[in-house]
1. Whether any residue in the stretch 33-50 is under 21 Å from the mean Cα position of the chain (by Cα), at pLDDT 95 or above, of a type in the set (Phe, Trp, Tyr) and crowded, with 18+ Cβ neighbours inside 10 Å is what I want to check.
2. Does Leu201 meet the test of being under 30 Å from Leu282 (Cα atoms) and not assigned by TED's automatic domain parsing to the domain that holds Ala165?
3. Looking at the stretch 21-50, which of its residues are part of a loop (DSSP other than H, G, I, E, B) and among the acidic types (Asp, Glu)?
4. Hey, could you check the stretch 108-123 for residues that are under 16 Å from the mean Cα position of the chain (by Cα) and at pLDDT 90 or above and say which is surrounded by the most Cβ atoms within 10 Å (Cβ to Cβ)?
5. Could you figure out which of (1) under 27 Å from Ser146 (Cα atoms); (2) without any contact (Cβ under 8 Å) to a residue 60 or more places away in the chain; (3) touching a Leu at 6+ places or on another chain (Cβ under 7 Å) isn't true of Tyr64?
6. Tell me which residues, restricted to the stretch 243-271, are of a type in the set (A, V, I, L, M, F, W, C) and assigned to a helix (DSSP H, G or I).
7. Of everything in the stretch 196-242 that's of a type in the set (S, T, N, Q) and not in a loop (DSSP other than H, G, I, E, B), which residue is surrounded by the most Cβ atoms within 10 Å (Cβ to Cβ)?
Amino acid sequence: MPYKHFTTNDSKPIVNTTGTPNLIYTGVVVNELLWFNINHSHSFCEIMYIINGSGRLMVDQTEYEIVSGDIIVINPSVQHSEKSNQTDPLHMIFFAFDSFQVVGLSNNHIFRTDMNPIVKSSNQRTQIEKYFTDLLYESENNSWFSKSISNSIINILILKICRMAYANSISFDSHKSSLQLKILKEYIDNNYTFQLSLESLADTIYINKYHLAHAFKKEMGQSPIQYVLEKRMQEACRLLVETELSIKIIASYLGYSEPSYFSQTFKHSFKESPTEYRSSHLQGVGDTED
């Protein structure tokens, strides 16, 4: 696999934030069959993460189902209550903070009032869950630098949650769409040999995958995954003609774990197998299927 070098993209964020979050408390609920929390509100912001189980959440007279992998954001002064499912009890970690907010919103608010208080962690789940468990560990052990480490962790969590939530809550405008799609196209051009999915591509430019699929096809005339496939097949043609690499090595280089699937995909695109393509375009170059 060729050497890859990455740099962070300091593009303009969807929203701006101000302040440095200050941790007020951390807590955990672990598989309590009859657990519930009465209707209440806070002067600070509270964020919960469901590790396992399910239950019900009531926010300002609206009821939501909460399940494993859900992130729940409760702004200050918002009336809310939670209740565990008795047959599938909640395992939940939560924390509260102040001194941080999204610019343009009230003090300690990070979500607009029209936004869903529940964010699905989806393919970010492993990372999100680790941050929450690390935060709980620091709070429980209260060792050297625990307060500073905890504040750093919640800073990362809040920014990640905002990035996911706001990306999913907006639609493209034409200028922003064109700029983001240009960034994504360059990303695919440089990384098509890696495993890429619609979800991972959407995460690259911090937008909803459905918005991405629609906008990319409108701009490029094909889906993001079709463009990835096109880049791989173009490179496969080049390698078949210009090198003596085996089908197995070419398939692996292009991100295919099974040479047979690569050959099947290639034949679907060009109506001939990789071996047939090589033979017809460059007589005399040997090949092997293993």
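The values are calculated or read from the model by the stated rules, or taken from the named source; none is laboratory data. The structure displayed is predicted, hence computed values, not measured ones. Heads up, the Cβs are rebuilt from the backbone with ideal geometry, glycines too, and the neighbour counts pull from every protein chain shown.
1. yes
2. Judged against the criteria, Leu201 is not a match.
3. Glu32
4. If we filter the stretch 108-123 for residues that are under 16 Å from the mean Cα position of the chain (by Cα), which is where we start, we get 118-123.
Of the ones still in play, those that are also at pLDDT 90 or above are 118-121.
Numbers: Ile118: 18, Val119: 25, Lys120: 15, Ser121: 20.
Among those residues, the one meeting the criterion is Val119.
5. (1)
6. Ile247, Ile249, Ile250, Ala251, Phe262, Phe266, Phe270
7. Of the residues in the stretch 196-242, the ones of a type in the set (S, T, N, Q) are 197, 200, 204, 208, 222-223, 226, 234.
Remaining after also requiring not in a loop (DSSP other than H, G, I, E, B): 200, 204, 226, 234.
Working: Ser200: 14, Thr204: 18, Gln226: 13, Gln234: 12.
Among those that are of a type in the set (S, T, N, Q) and not in a loop (DSSP other than H, G, I, E, B), it is Thr204.
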